[in-house]
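The values are calculated or read from the model by the stated rules, or taken from the named source; none is laboratory data. Worth saying up front: this structure is predicted, and the values here are computed from it rather than measured. Positions of Cβ are generated from backbone atoms using ideal geometry, with glycine treated the same way; all protein chains shown enter the neighbour counts. Remember, those area values only see protein heavy atoms, side chains included, never the ligands or the DNA or RNA. Shrake-Rupley method; radii C 1.70, N 1.55, O 1.52, S 1.80 Å.
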Amino acid sequence: QVQLVESGGALVQAGGSLRLSCAASRSLFSIMRMGWYRQAPGKQRELVAVITSGGNTNYADSVKGRFTISRDIAKNTVYLQMNSLKPEDTAVYYCNARLVENSAFNEYWGQGTQVTVSS
């Protein structure tokens, strides 16, 4: 099991930047994959960025070149640096963790943090 706590969401103007944080209750090395997802009202939750325990990353096409996922192993924390924000980035952003437990994948979610980008 793992507890995830997101923070950093805010109201920001288009073109601005935010850094979201996800603090995990256990070592990131024990988590197969950490990810950031987002969900806007009336839309499906979508994957934004992922980072594996080995440090490999991947991004949704819509955020490539603008967002960066990173981690601080000592702090058990994953970050999402969001630059050049657009109104369409407005959503609740959720931290996700995928763990292997009892030879099966388990998913855990944070509470979400609101990001609103004004034009």
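Can you confirm whether segment 89-100 contains a residue that is outside any strand (DSSP E or B) and free of Cβ contacts under 8 Å to residues at least 24 places away in the same chain?
No, segment 89-100 has no match at all.
Would you check which residues across segment 86-112 are surrounded by 21 or more Cβ atoms within 10 Å (Cβ to Cβ) and either over 25 Å from Asn56 (Cβ atoms) or polar (S, T, N, Q) (or both) and list them?
Within segment 86-112, Asn96 is the sole residue that qualifies.
Looking at segment 16-67, which of its residues are surrounded by fewer than 12 Cβ atoms within 10 Å (Cβ to Cβ) and basic (Lys, Arg)?
Lys43, Lys64
Within segment 8-44, which residues are hydroxyl-bearing (Ser, Thr, Tyr) and in contact with a strand residue (DSSP E or B) (Cβ under 9 Å, 6 or more places away or on another chain)?
Those that are hydroxyl-bearing (Ser, Thr, Tyr) and in contact with a strand residue (DSSP E or B) (Cβ under 9 Å, 6 or more places away or on another chain): Ser17, Ser21, Ser25, Ser30, Tyr37.
Go through (1) within 18 Å of Ser17 (Cα to Cα); (2) in contact with a Leu (Cβ under 9 Å, 6 or more places away or on another chain); (3) not charged (D, E, K, R) for Pro87 and report which single condition fails.
Result: Pro87 fails condition (2) only.
How many residues, within segment 56-88, are of a type in the set (A, V, I, L, M, F, W, C) and part of a loop (DSSP other than H, G, I, E, B)?
Residues flagged as of a type in the set (A, V, I, L, M, F, W, C) and part of a loop (DSSP other than H, G, I, E, B) within segment 56-88 amount to 3.
Report, ordered by the first and then the second residue, all pairs with beta carbons closer than 8 Å, sequence separation of six or more or different chains, a first member in segment 1-16 that is under 11 Å from Ser84 (Cα atoms), and a second member that is open to solvent by 30 Å² or more (accessible area, probe 1.4 Å) and not small (Gly, Ala, Ser).
Pairs found: Val12/Thr116; Ala14/Lys86; Ala14/Pro87.
Being out of contact with any Gly (no Cβ under 9 Å at 6 or more places or on another chain), in contact (Cβ under 8 Å) with a residue 24 or more places away in the chain and not basic (Lys, Arg) is the filter; apply it to segment 68-81 and report the residue that is least open to solvent (accessible area, probe 1.4 Å).
Ranking the qualifying residues of segment 68-81, first place goes to Thr77.
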